[in-house]
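Quick notes on the structure that follows.
The values are calculated or read from the model by the stated rules, or taken from the named source; none is laboratory data. A quick note: this is a predicted structure, and the numbers were derived from the prediction, not measured. Here the Cβ positions follow ideal geometry from the backbone for every residue, glycine too, while neighbour counts run over all protein chains shown.
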Amino acid sequence: MNSSIYILVFLHLWLFSLPCRESVCIPSERETLLKIKNNLIDPSNRLWSWNHNHTNCCHWYGVLCHNVTSHVLQLHLNTTFSAAFYDGYYHFDEEAYEKSQFGGEISPCLADLKHLNHLNLSGNYFLGAGMSIPSFLGTMTSLTHLDLSLTGFMGKIPSQIGNLSNLVYLDLGGYSVEPMLAENVEWVSSMWKLEYLHLSYANLSKAFHWLHTLQSLPSLTHLDLSGCTLPHYNEPSLLNFSSLQTLHLSFTSFSPAISFVPKWIFKLKKLVSLQLWGNEIQGPIPGGIRNLTLLQNLDLSGNSFSSSIPDCLYGLHRLKFLNLRDNHLHGTISDALGNLTSLVELDLSGNQLEGNIPTSLGNLCNLRDIDFSNLKLNQQVNELLEILAPCISHGLTRLAVQSSRLSGHLTDHIGAFKNIDTLLFSNNSIGGALPRSFGKLSSLRYLDLSTNKFSGNPFESLGSLCKLSSLYIGGNLFQTVVKEDDLANLTSLMEIHASGNNFTLKVGPNWLPNFQLFHLDVRSWQLGPSFPSWIKSQNKLEYLDMSNAGIIDSIPTQMWEALPQVLYLNLSHNHIHGESGTTLKNPISIPVIDLSSNHLCGKLPYLSSDVSQLDLSSNSFSESMNDFLCNDQDEPMQLQFLNLASNNLSGEIPDCWMNWTFLVNVNLQSNHFVGNLPQSMGSLAELQSLQIRNNTLSGIFPTSLKKNNQLISLDLGENNLSGCIPTWVGEKLLKVKILRLRSNSFAGHIPNEICQMSHLQVLDLAENNLSGNIPSCFCNLSAMTLKNQSTDPSIYSEAQYVGSSYSSIYSMVSVLLWLKGRGDEYRNILGLVTSIDLSSNKLLGEIPRKITNLNGLNFLNLSHNQLIGHIPQGIGNMGSLQSIDFSRNQLSGEIPPTISKLSFLSMLDVSYNHLKGKIPTGTQLQTFDASSFIGNNLCGLPLPINCSSNGKTHSYEGSDGHGVNWFFVSATIGFVVGFWIVIAPLLICRSWRILGKVTESEEVKRRLGGESVVTEKKYQEMYVNSPGKGVVDKLKGMVGTWFTNPAENQSSQGRAEVEQVNQGAAGERRQQESSN
């Protein structure tokens, strides 16, 4: 007994006396690792220790050896999305992440590491990009852990992977350009030890027995097939997933598609986690979910579930994470929500749920993350805070209730949320000042209160939040003078979004902020008149918007050197002045720059190849574009959006566009360009929007545009172009939605080929010399029908790539349209506008009957032509019409009664035609001004001419053999004499004259875009002092068509008055257009 004790003590002391044995790698394995390194590309030099100077490879980066045998057991060469790649809150440094990844290829020597059991190469997208998974990996039978996720491999999954029978963990998932293909999954069946299988985004459409094969794996606990393409759905008769606890089938697609939750899922009674987001599943949330009583994580987000939240869901008492966002769930949130006392994260956002949040929510004391955004709560925000304050507030780290119709004021309950990290209340109707208790939120880093009705000085409450990194308070009613002390403690600030308030910044000339920003948006602050010098201290800025900031200064040259990181710069709508050579950095290298609406002058600046979006519109740049456009560059120009509108540029447009092949949107309108478009413009293969209106271009329709078949908007209006409209416009430019050729000198017929432009929404050919008939095939313009009418309010030109992290791939198209008699710039709702304007040409023939098939057309203007025949009877079918102008033609017959069916009609003008009969009665027609019907033989309201029983007017019919109705003549004379006896004395009194002004109706005023007042002097000239006119003639001039037979020509005096008004209107239109 004693001897045994002595032996044990001796052994114990001997073991402790031994020195700690350090693993020293085996030389042959060290050489293998060096060969592996030689095949890798390591841009960030992570493998610096892998060299002969460091002989012990067990100490090398990513290598783990056995502590006894010294064999290499594990290789960790993965690249993860670690915090090191985040610069600020949610600001990911993609470039740094890409540089940290390994590239090259996997050396076959890897198979010589016979004892390797753990291999992790995940996250190195460039390692496998364009290649298949190496089949030699199937010989490494000692592997228990293989992770090749997000390595970019594509092609077939080698069946040799099935030889790895010792695998416990296998991850081949991750999105790549081309998904990996598995024609079957039988190779998995030998992996009896496999617990974790991740095949996300693989193409399994031919693996018809995938479910039968996978359920036979006895140890499988985690299965992730997210993003996979699965074969035809068959419900299995028998299911034997004996160990499965986690199932991820998010964003999967069956071939053919299904819109329901597979029923076999509800038989997996051991499931702890179920993720089915993004599958377009429809109908109610299935009741079978009640069988999964062990569920802790349920994600059904991003589907089309359209029921209320079922009661069975509230019975899953183990739930910790519940995500139902972005569905069509409706109804109210039940009080039974309070039963889910284990909940840690709750997301119900993006549904149609309405009503108040139940007070039982306050029972969920474990909640750390709540998202009730985009709901219809219609609740006072203080009520919500009162529910959360007692039990939840102390542990809550994130609360998001954005766009959910919250109102009321924030109260001091907000101070109870001391551990809150993220607080999002944007786009509600919350008002009042911020409570002082905001200062107690010492953990707050991300705050979004934008687009509400908050007022007062926010910095009185927020100024002490030293951890605050992102501040969004734009679009409120805040009003204050911000001083240095208000910002002194905000030392962690990285983002400020504070536009759309009434802030004035008053700081000393030497003020240096205590923070370093990468994003600053202070649009509409008062920062001027001097250029803010403190901006130069923010050398990490990537985004800077100081537009409409009252700056009346030049840009300091030091600013360009002080802000080397800026990717987005907006200084528009200030009064910045100076010549480009001294004020702007030359060449400009900021990818997105907007200096529009300033007073910059001189020649256009040069650009570097990095610039993708440039707006210099509404300045005073002058001279030719030649140096700007034709400057030789070593690298291809990346510019996508170019706006030089409303400057003083002159000369011909240079023929150097072949260097700018990425251009998508070009706006050169309202300059002084002459000549025609150069042929090199045809090289702009990506061009989608071209606006060159209001210049002095001449010649024929530019033939260079024949190659620009991606165009969606073409505006050549207000130039001096002539000749015919070529047929190839309709044959080549098939994507065009906006075609505007207004106010040129085009002649000839409108080509029938335009009818092939099925996307055309706006056709404006007004004020040209076009002749011939209106093409009857206009009925083929399908975008002007209800069936194909656009539902997107805007029209965008879209670039094919993103130039920088702040570059937009979209640009909203805008165009000047003359609708309802006035010109306006349409932008935000342009996509909803459909219009045909052929006015002021020399068109002949009848209005095509088939044009009435365009039941999605909003505006139709055929005025000032020589059209004959009847107004089509089917015009009542054009139910979307808001405006019709057929005036100044030679139309005859009656106004079709069906026109009264046009319930959206707000403007109608059929004046000065040969129409006759009664004006149809309808809700709209009698509300229009009488001027819309004058110059015809019409009767009935709104004209003051009664119709007889046969529909003819009671007026003088002339000496055509029909006789004279002397009763009406005598009545008229009696009225005139009596009227003059009353009026004549008043005309003598000077004080009455001011009341004698004859003004147009409100409708005419609106259409003409001005007051259109006939002055007292004009009144005297027209009606009182006109020589050679009797009393009756003078009064005829005053009361217009009351005493005139509509069938007769108007008197010369009446015509002069109308022409004068029309000329005034045309002049106002031209003036308004030039000002725009």
How many residues does the range 96-112 hold that are polar (S, T, N, Q) and touching a Pro at 6+ places or on another chain (Cβ under 6 Å)? 0
Quick check on the range 490-503: of everything there that is touching a Leu at 6+ places or on another chain (Cβ under 8 Å) and either at pLDDT below 95 or farther than 12 Å from Phe459 by Cα (or both), which residue is surrounded by the most Cβ atoms within 10 Å (Cβ to Cβ)? Leu493
In the range 415-441, how many residues are hydroxyl-bearing (Ser, Thr, Tyr) and either part of a helix (DSSP H, G or I) or at pLDDT below 95 (or both)? 1
Conditions first: (1) in contact (Cβ under 8 Å) with a residue 60 or more places away in the chain; (2) of a type outside the set (D, E, K, R); (3) surrounded by fewer than 21 Cβ atoms within 10 Å (Cβ to Cβ). Ile836 passes all but one, so which condition is the exception? (3)
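Yes/no per residue for (1) crowded, with 18+ Cβ neighbours inside 10 Å; (2) modelled with pLDDT of 95 or more:
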| position | (1), (2) |
| --- | --- |
| Ile738 | yes, yes |
| Phe746 | yes, yes |
| Ile750 | yes, yes |
| Met757 | yes, yes |
| Val762 | yes, yes |
| Ala766 | yes, yes |
| Asn769 | no, yes |
| Ile774 | yes, yes |
| Thr791 | no, no |
Determine the pairs where a residue that is closer than 18 Å to Leu164 by Cβ, located within the range 94-120, has a partner that is of a type in the set (Asp, Glu) with Cβ atoms under 6 Å apart, the partner being 6 or more residues away or on another chain. Asn120/Asp147
Count, please, the residues in the range 41-69 that happen to be at negative phi and part of a loop (DSSP other than H, G, I, E, B). 20
Where a residue in the range 551-577 is more than 11 Å from Phe531 (Cβ to Cβ) and in contact (Cβ under 8 Å) with a residue 60 or more places away in the chain and its partner, wherever it lies, is of a type in the set (Phe, Trp, Tyr) and outside any helix (DSSP H, G or I), with Cβ under 6 Å and at least six apart: Leu567/Tyr806; Tyr568/Tyr543; Tyr568/Tyr806
Kindly indicate whether Leu148 is more than 27 Å from Ile41 (Cα to Cα), surrounded by 22 or more Cβ atoms within 10 Å (Cβ to Cβ) and not β-branched (Val, Ile, Thr). no
Can you pull out every residue in the range 793-813 that is surrounded by 14 or more Cβ atoms within 10 Å (Cβ to Cβ) and hydrophobic (A, V, I, L, M, F, W, C)? Ile795, Ala799, Ile809, Met812, Val813
Considering every residue within the range 274-294, establish whether at least one is under 23 Å from Lys193 (Cβ atoms), surrounded by 14 or more Cβ atoms within 10 Å (Cβ to Cβ) and modelled with pLDDT of 95 or more. no
Does Leu167 meet the test of being on the phi > 0 side of the Ramachandran plot, in contact with a helix residue (DSSP H, G or I) (Cβ under 9 Å, 6 or more places away or on another chain), in a loop (DSSP other than H, G, I, E, B) and aliphatic (A, V, I, L, M)? no
Looking at Thr141, is it among the hydroxyl-bearing types (Ser, Thr, Tyr), in a loop (DSSP other than H, G, I, E, B) and crowded, with 20+ Cβ neighbours inside 10 Å? no
Go through the range 808-826 residue by residue and tally those that are of a type outside the set (A, V, I, L, M), in a loop (DSSP other than H, G, I, E, B) and within 13 Å of the chain's Cα centre (by Cα). 1
Answer yes or no: is there a residue in the range 349-367 that is of a type in the set (D, E, K, R) and in contact with an Asp or Glu (Cβ under 9 Å, 6 or more places away or on another chain). no
Considering every residue within the range 233-243, establish whether at least one is buried (at least 17 other Cβ atoms within 10 Å of the Cβ), part of a loop (DSSP other than H, G, I, E, B) and not aromatic (Phe, Trp, Tyr). no
When Tyr810 is run through (1) at negative phi; (2) modelled with pLDDT of 90 or more, the failure sits at (2)
Consider the range 796-849. How many of its residues are more than 19 Å from Asn570 (Cβ to Cβ) and hydroxyl-bearing (Ser, Thr, Tyr)? 8
Has the range 688-703 got at least one residue that is of a type in the set (D, E, K, R), crowded, with 16+ Cβ neighbours inside 10 Å, assigned by TED's automatic domain parsing to the domain that holds Ser646 and not in a helix (DSSP H, G or I)? yes
Name the residue that is surrounded by the fewest Cβ atoms within 10 Å (Cβ to Cβ), counting only residues in the range 884-908 that are under 37 Å from the mean Cα position of the chain (by Cα) and more than 18 Å from Pro848 (Cα to Cα). Ser903
Cβ-Cβ under 9 Å, sequence separation 6+ or interchain: first residue in the range 624-651 and touching a residue at least 24 places away in the same chain (Cβ under 8 Å), partner loosely packed, with under 14 Cβ neighbours inside 10 Å and assigned to a loop (DSSP other than H, G, I, E, B). Which pairs? Gln638/Tyr801; Gln640/Gln800; Gln640/Tyr801
